[in-house]
Structures are given as C-alpha cells and as structure tokens.
Amino acid sequence: MLRKSLLPALAVCVIALAPAALAQKVGVINTQRAILETADIKKASADLQTKYKPRQDQLDKLQREIADLQTQLESSAGKLSAAGQADLEAQGQRKQREAQRISEDLQADVDRERN
C-alpha cells in the first residue's frame, strides 16, 4: 500500500524537476587542445619548424634522390652491366643510411627540445 502511494508522488516530483534538469548545460573542456592552441605554444612550434627546416629539407632532398635512383634501377633493368647495377644499388644504400641517420637525429633533437 505504501508503494502505491509513493509512485504517484515520485512521478510528480520527476515531472516537476525535469525542466530544471534539462536546463542545465554540461561543458566539456579539451585541456590538451586548449593548451596546444595558446599563443606561446603556437610560437614555440613555429620556432621549432624554422630552426629545423634546413635539416628537414636535406632529408626531403635525400628521399627524392633515393626515389630517383630506384626509378633509374627499375627503368634500366637488364640494360646495365652487373657493375653498373651494383654501383647504383650501393649509392641507394648509402643515401638510405644517411637519410635514416638524419631522420633519427632530427627526431631526437626535436623531441629533446619539446620536452
């Protein structure tokens, strides 16, 4: 019997409080985004890009040279002597090692400076 009398009273309370609950707004703050979009962080990021741009350009140039050597090897397959092919492959491997070294050094320097 007590249960039957509480249900209508509870329903009236829920109906009465529903508009108030709906009027409340919930905000979510993306703190990481807020921090990354500050003027200081944007300036620091631009400074890093400027500082390391020459090394990034050097890395991009090496990668283009490697791609050119690969294209040259593919287009001259069967036309080059064994020595000529071996020479092109050796050039490609040297450039690949150099690009890997530059990439690792650049990443380490950028990470160290960011931290």
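The values are calculated or read from the model by the stated rules, or taken from the named source; none is laboratory data. Predicted model only: the values in this text are computed from it and were never measured. Positions of Cβ are backbone-derived with ideal geometry, glycine not excepted, and every protein chain shown enters the neighbour counts. Note: accessible area is taken over every heavy atom of the protein model, side chains too, but ligands, DNA and RNA are not part of it. Shrake-Rupley method; radii C 1.70, N 1.55, O 1.52, S 1.80 Å.
Selection over the stretch 65-97 of residues that are in a helix (DSSP H, G or I), of a type outside the set (Gly, Ala, Ser) and open to solvent by 70 Å² or more (accessible area, probe 1.4 Å) gives a count of 12. Sub-7 Å Cβ pairs linking a first residue in the stretch 32-61 that is under 19 Å from Ala108 (Cα atoms) to a second residue that is open to solvent by less than 100 Å² (accessible area, probe 1.4 Å) and β-branched (Val, Ile, Thr), at least 6 apart or interchain, are Leu48/Val110; Tyr52/Val110; Arg55/Ile102; Gln58/Ile102; Leu59/Ile102, ordered by first then second residue. Output the residues belonging to the stretch 37-64 that are of a type in the set (D, E, K, R), open to solvent by 60 Å² or more (accessible area, probe 1.4 Å) and in a helix (DSSP H, G or I). Passing the criteria: Asp40, Lys42, Lys43, Asp47, Lys51, Lys53, Arg55, Asp57, Lys61, Arg64.
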